[in-house]
Amino acid sequence: KAGVTQTPRYLIKTRGQQVTLSCSPISGHRSVSWYQQTPGQGLQFLFEYFSETQRNKGNFPGRFSGRQFSNSRSEMNVSTLELGDSALYLCASSAWANTNTEAFFGQGTRLTVV
Amino acid sequence: QQPVQSPQAVILREGEDAVINCSSSKALYSVHWYRQKHGEAPVFLMILLKGGEQKGHEKISASFNEKKQQSSLYLTASQLSYSGTYFCGTPRGNRDDKIIFGKGTRLHILP
């Protein structure tokens, strides 16, 4: 069974641009969560989607947005990029939105803003 | 409020034991543990649920103290493959809220 796939793996953007990251969850999984990982800050929760609806949202500015499609694939968009947005963005999928469910992480997209 | 992990980093020799702690400022309904090796995705280790049920790994154990609002991960007779960063996660609010993670504990095992 294929794991969680994130594309692209690496991305370099300049300040002010916008970027879209993609996540394909494990087949059959309906919950997709996004995290930002930076050195020393651990995994910061961005948002969670379940059955095309945003179920939870973290404390990030409105420049960060996401959506989920009917096939459970999810995209995350960051507009007006700032240098501080440079990070590893991880996507995790789980079968259900139940918090007692194991999450499977993708390899992440390494975003560098210059 | 994200859970607090301690220590931030630890270096051990192969075969030694390690304990990683995870504390929360609010009531714990569940604690999730993940390990991330360098350059790889975080991988699920176990979930501990209020009431004592534990789901997960065979060779790594953990405790869940509801009264103290903390959990500890025990790595016994550590192997080189245990190296990585360990994250604990707890529900952000009530038991059904999203899991938020601590900043991680870096574990390095020397041969």
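The values are calculated or read from the model by the stated rules, or taken from the named source; none is laboratory data. Every value quoted in this text rests on a predicted model; they were computed, and no experiment measured them. All Cβ positions, glycine included, derive from the backbone under ideal geometry; neighbour counts span all protein chains shown.
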Taking A:Gly40 as meeting all but one of (1) surrounded by fewer than 19 Cβ atoms within 10 Å (Cβ to Cβ); (2) under 13 Å from the mean Cα position of the chain (by Cα); (3) within 11 Å of another protein chain (Cβ to nearest Cβ), write down the number of the exception. (2)
Check whether at least one residue in segment A:3-10 is modelled with pLDDT of 95 or more and more than 13 Å from every other protein chain (Cβ to nearest Cβ), and report yes or no. yes
B:His108, sole failed condition from (1) at pLDDT 90 or above; (2) within 13 Å of another protein chain (Cβ to nearest Cβ): (2)
Exactly one condition in (1) small (Gly, Ala, Ser); (2) within 24 Å of A:Thr14 (Cα to Cα); (3) more than 12 Å from every other protein chain (Cβ to nearest Cβ) is not met by A:Ser70; state its number. (2)
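Yes or no, residue by residue, for (1) more than 11 Å from the chain's Cα centre (by Cα); (2) surrounded by 13 or more Cβ atoms within 10 Å (Cβ to Cβ); (3) at pLDDT 95 or above; (4) closer than 17 Å to A:Gln41 by Cα:
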| residue | (1), (2), (3), (4) |
| --- | --- |
| B:Gln1 | yes, no, no, yes |
| B:Gln5 | no, yes, yes, yes |
| B:Ala18 | yes, yes, no, no |
| B:Ser25 | yes, no, no, no |
| B:Tyr29 | yes, yes, no, no |
| B:Gly39 | yes, no, no, yes |
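Quickly run through segment B:77-105 and pick out the residues that are among the polar types (S, T, N, Q), surrounded by 13 or more Cβ atoms within 10 Å (Cβ to Cβ) and at pLDDT below 95. Walk me through how you get there before you give the answer.
Initially, segment B:77-105 is screened for residues among the polar types (S, T, N, Q), giving B:78-79, B:81, B:83, B:85, B:90, B:94, B:105.
Imposing the further condition that a residue be surrounded by 13 or more Cβ atoms within 10 Å (Cβ to Cβ) reduces the set to B:78, B:83, B:85, B:90, B:105.
Passing the criteria: B:Ser78, B:Thr90.
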I'd like to check something: does segment B:55-76 contain any residue that is within 12 Å of chain A (Cβ to nearest Cβ) and of a type in the set (A, V, I, L, M, F, W, C)? no
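Hey, which of the strands (runs of 3 or more DSSP E) in segment B:9-99, taking only ones fully inside, have at least 3 residues that are on the phi < 0 side of the Ramachandran plot?
Working: elements: B:9-13, B:18-23, B:30-36, B:43-49, B:54-56, B:60-65, B:70-75, B:84-91.
Result: B:9-13, B:18-23, B:30-36, B:43-49, B:60-65, B:70-75, B:84-91.
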For the subset of segment A:48-66 comprising residues that are away from chain B (no Cβ under 11 Å) and either of a type in the set (Gly, Ala, Ser) or touching a helix residue (DSSP H, G or I) at 6+ places or on another chain (Cβ under 9 Å) (or both), which member is nearest to A:Thr80 (Cα to Cα)? A:Arg63
So is A:Arg15 touching a residue at least 40 places away in the same chain (Cβ under 8 Å), surrounded by fewer than 19 Cβ atoms within 10 Å (Cβ to Cβ) and in contact with a helix residue (DSSP H, G or I) (Cβ under 8 Å, 6 or more places away or on another chain) or not? yes
Criterion violated by A:Phe50 - all others in (1) modelled with pLDDT of 95 or more; (2) crowded, with 17+ Cβ neighbours inside 10 Å satisfied: (1)
